[in-house]
Amino acid sequence: MDDFDFTITLYYWGKIRNNPYRYKGGEIKIYEDNNSDEMSLVEIWNKAKDFGYGENDVFMYRVPTMPFAGGLKPLENDVDVMNMVKCINDVDVMNIYSNLVLTLLRLS
């Protein structure tokens, strides 16, 4: 897969709610010009560090073709991050959830 640039929108200080599943509250921070070949879990942790999050927090992304409740996948290692990046290649927007939420936009 060729490398590409994308935007990460971090949603932080909010909560994932059940019944129905949704993300509620929080703030937003946008990071532009992220390269797909350079993306790793450490990169996500470094962005999240500004808001008090880090390697001990749970990060998840949503597979774009699946509903919120069934489409959340963990980001526990770099293999998970690469699987997420593959999803970005197929769509324009990627969401990552926890108490921290990332939305990834591919720049054409």
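Annotations for the structure displayed:
- Spin-label model, E43/N83: points 7 Å from Cα along the beta carbon direction are separated by 1.9 nm.
- Extension gain, D3 to N18, is 1.8 nm, computed as 0.36 nm per intervening residue step minus the present C-alpha separation.
- Phi-based couplings in Hz for region 41-50 (Karplus 6.51, -1.76, 1.60; Gly and Pro marked x): 5, 4, 4, 5, 4, 5, 5, 6, 4, 4
- Stokes-Einstein D for region 15-89, Kirkwood Rh over Cα pairs, 37 °C, 0.692 mPa s (µm²/s): 241 µm²/s
- Here the relative contact order of region 1-53, from alpha carbon pairs under 8 Å that lie six or more residues apart, stands at 38 percent.
Each value in this text was obtained by applying a stated rule to the coordinates, not by laboratory testing. A quick note: this is a predicted structure, and the numbers were derived from the prediction, not measured. With ideal geometry, Cβ positions are generated from the backbone for all residues, glycine too; neighbour counts draw on all protein chains shown.
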